[in-house]
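Some notes on the structure that comes next.
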Amino acid sequence: MRFFCYAFLLLITFNVEAQFLRKKKKKTIKYENIVISDSATQHLVNAIQFETVSKKDSLTFYNAEFKKFKAFLKATYPLVFETCIEIPFNSHSILLKWEGLNPNLKPNLFMAHQDVVPAKHQKHKWNYPPFEGVIKDGQIYGRGTLDDKSSLIGLLEAAEYALKNNFEPLRTTYFVFGDDEETYGNGAKEIADWFMKNKIEFEFILDEGPGVGLDIIPEVAKPIAFIGIAEKGYATVELTINQESGHSSMPSKHTAIGLLSQAIANIENKPFRAHYHGLAKKMFDEIAPEMDFSKKIIFKNSWLFSGMIKKELAKKYSTNALIRTTAATTMFYSGESENVLPHKASATINFRLIPGDSIQDIIPYLNKVIKNPKVKVSFKGEAVNASPIAKKKSVGYRALEKSCNEIFPKAIVAPVLVIGSTDSRHFNLTCNNILRFIPMHFNNADLEHIHGFDEHVGIENYHNMIRFYIRLFQNLNDF
């Protein structure tokens, strides 16, 4: 039997298509090197100094900060705010319209957010104050350098540069800069509703997302430009159980805490089914040619080795999230006193849904795995399915790919499923080709600083972001 297995694998080896085994050769695209001035660096430093924190309390203070930040943007990018039409809204979110040469074409939309997460609670862990924008050893330190003021300032730097050089976009271009992406996203939602009310549909939307990974997949030596072509869905569920209370000296066999803990353990032990198709397969189809020979065989013949692939991907949290809908227990409440049996326990479960799974699948799944009618299940807050999947042949993807080949010539360009949520989720009904990408080099160590302490970005890394956006504006005119 073993002989036949080896013979079968050998047959597969010799039948693998030659073009798959060969590494893809990219044409080196030459472009005029764009010199970024020191003022662009200072502008990001200044932007960091505004504490535009997305937070429920201290509204008066942060309200003033957003107003000051907008005044700074207007003073720093006069051509952008003179050329573009600003459409006002109730929130501090900003919508700008840059008229294109051909009004008959669908417009493009670029997104970023002004707000940042708080840093005061971890201030003592920062080597440099989070809202000062300190420059040290070629790095800019401060809250928002990675998420997401570097994108916002980079886009405005690129637009100002383009206008100074008399560039005109073929398609009308909109900019949306949300003010509460880190909490509710209501500012972006208000703007999305306005677009839908006015029946404005987009050819291409770009929001924040992954970037150019340097050591994200150890088996691939080259950098990988991960372009998010879809975003996981989002839903939160509350589990509750009610029991008779009593004295802790005479406990029942299972307390409310025990029963709910068992329900959570069942959820963790029986996750949603893993799938190796769609976006996960699209990504590995692009990067597998850069792997060693044996892995090329496995990924090319996923119809045979899908079980092995899923097993390996499930071992890491990051890749496991690419192949299945995940459920994470994020809050648990119960008990009032150490000697009183709790009469109630509740837990919050956050779901991130892959394309193909639906919000309607969640309740049946929970009832099936919990197997306890005493545990009540209900949705809590916002729930949205996974976004539409953008096409690789779309205008936006091709322009992004061309820009990546210019600015990051050594990188492989690969589509990916974005596992987090962005403001772009509110725009799903306005565009079939929403992409998520930040033109920035990053590695595993950088990921720890997003929402963490000592958040920073390299100056040259940031300058390349500006170059990328400039070329993207220009490349979009070619499609």
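The values are calculated or read from the model by the stated rules, or taken from the named source; none is laboratory data. Small disclaimer: the values here were computed from a predicted structure and weren't measured. Using ideal geometry, Cβ is built from the backbone for each residue, glycine included, and neighbour counts are taken over all protein chains shown. These accessible areas exclude ligands, DNA and RNA; they are computed on the full protein's heavy atoms, side chains included. Shrake-Rupley method; radii C 1.70, N 1.55, O 1.52, S 1.80 Å.
Does L366 satisfy the criteria of being open to solvent by less than 10 Å² (accessible area, probe 1.4 Å), closer than 14 Å to A230 by Cα and modelled with pLDDT of 95 or more?
So L366 fails the test.
Please verify whether segment 221-239 includes one or more residues that are open to solvent by less than 50 Å² (accessible area, probe 1.4 Å), basic (K, R) and either over 16 Å from the mean Cα position of the chain (by Cα) or within 30 Å of S318 (Cα to Cα) (or both).
Yes.
Collect the residues in segment 410-421 that are out of contact with any Pro (no Cβ under 9 Å at 6 or more places or on another chain) and at pLDDT 95 or above, keeping them in residue-number order.
Hits for segment 410-421 are V413, A414, P415.
Being crowded, with 17+ Cβ neighbours inside 10 Å, under 25 Å from L79 (Cβ atoms) and in contact (Cβ under 8 Å) with a residue 24 or more places away in the chain, is that true of even one residue in segment 122-137?
The answer is yes, given that some residue of segment 122-137 is crowded, with 17+ Cβ neighbours inside 10 Å, under 25 Å from L79 (Cβ atoms) and in contact (Cβ under 8 Å) with a residue 24 or more places away in the chain.
Find the strands (runs of 3 or more DSSP E) located wholly in segment 129-208 whose residues include 1 or more that are of a type in the set (K, R), and list them.
134-136
Here are some conditions: (1) open to solvent by less than 10 Å² (accessible area, probe 1.4 Å); (2) at positive phi; (3) at pLDDT 95 or above. G185 meets all but one. Which one does it not meet?
(3)
Report, by residue number, each residue of segment 297-341 that is in contact (Cβ under 8 Å) with a residue 24 or more places away in the chain, hydrophobic (A, V, I, L, M, F, W, C), open to solvent by 50 Å² or more (accessible area, probe 1.4 Å) and over 30 Å from K380 (Cα atoms).
L304
Considering segment 268-291 alone, what residues qualify as being within 25 Å of the chain's Cα centre (by Cα), part of a helix (DSSP H, G or I) and farther than 19 Å from P415 by Cα?
Listed by number, the list holds a single entry, E268.
Which of the residues spanning segment 329-364 are of a type outside the set (S, T, N, Q) and more than 29 Å from the chain's Cα centre (by Cα)?
Y333, G335, E336, E338, V340, L341, P342, H343, K344, A345
Would segment 151-170 turn up any residue that is among the basic types (K, R), farther than 19 Å from V384 by Cβ, modelled with pLDDT of 95 or more and crowded, with 20+ Cβ neighbours inside 10 Å?
no
Tell me whether segment 138-145 contains one or more residues that are more than 24 Å from the chain's Cα centre (by Cα) and of a type in the set (S, T, Y).
Among the residues of segment 138-145, not one is more than 24 Å from the chain's Cα centre (by Cα) and of a type in the set (S, T, Y), which makes the answer no.
When the residues of segment 241-268 are narrowed to those that are surrounded by fewer than 17 Cβ atoms within 10 Å (Cβ to Cβ), touching a residue at least 40 places away in the same chain (Cβ under 8 Å) and of a type outside the set (G, A, S), which ends up nearest to L206 (Cα to Cα)?
Here the answer is E268.
I'm trying to understand the selection: among the residues of segment 247-289, which are farther than 30 Å from Y397 by Cα and charged (D, E, K, R)?
Correct list: K253, E268, K270.
Among the residues of segment 365-392, write down those that are hydroxyl-bearing (S, T, Y) and in a loop (DSSP other than H, G, I, E, B).
Correct list: S387 only.
Could you look through segment 292-330, keep only residues that are among the aliphatic types (A, V, I, L, M) and not in a helix (DSSP H, G or I), and pick out the one that is modelled with the lowest pLDDT?
Here the answer is A314.
Being buried (at least 18 other Cβ atoms within 10 Å of the Cβ) and among the β-branched types (V, I, T) is the filter; apply it to segment 431-458 and report the residue that is nearest to the chain's Cα centre (by Cα).
Checking each candidate, the answer is I438.
Per-residue answers, yes or no, for (1) touching a residue at least 60 places away in the same chain (Cβ under 8 Å); (2) more than 19 Å from N464 (Cα to Cα); (3) crowded, with 23+ Cβ neighbours inside 10 Å; (4) in contact with a strand residue (DSSP E or B) (Cβ under 7 Å, 6 or more places away or on another chain):
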| position | (1), (2), (3), (4) |
| --- | --- |
| E382 | yes, yes, no, yes |
| N385 | yes, yes, no, yes |
| I389 | yes, yes, no, yes |
| L400 | yes, no, yes, yes |
| S403 | yes, no, yes, no |
| F408 | yes, no, no, yes |
| L417 | yes, yes, yes, yes |
| G420 | yes, yes, no, no |
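Is there any pair linking a residue in segment 183-194 that is farther than 16 Å from V117 by Cβ and in contact (Cβ under 8 Å) with a residue 40 or more places away in the chain to one that is open to solvent by less than 70 Å² (accessible area, probe 1.4 Å) and assigned to a helix (DSSP H, G or I), with Cβ under 6 Å and at least six apart or on different chains, and which?
From segment 183-194, the pairs are A188/D423; A188/H426; K189/H426; A192/H426; A192/F427.
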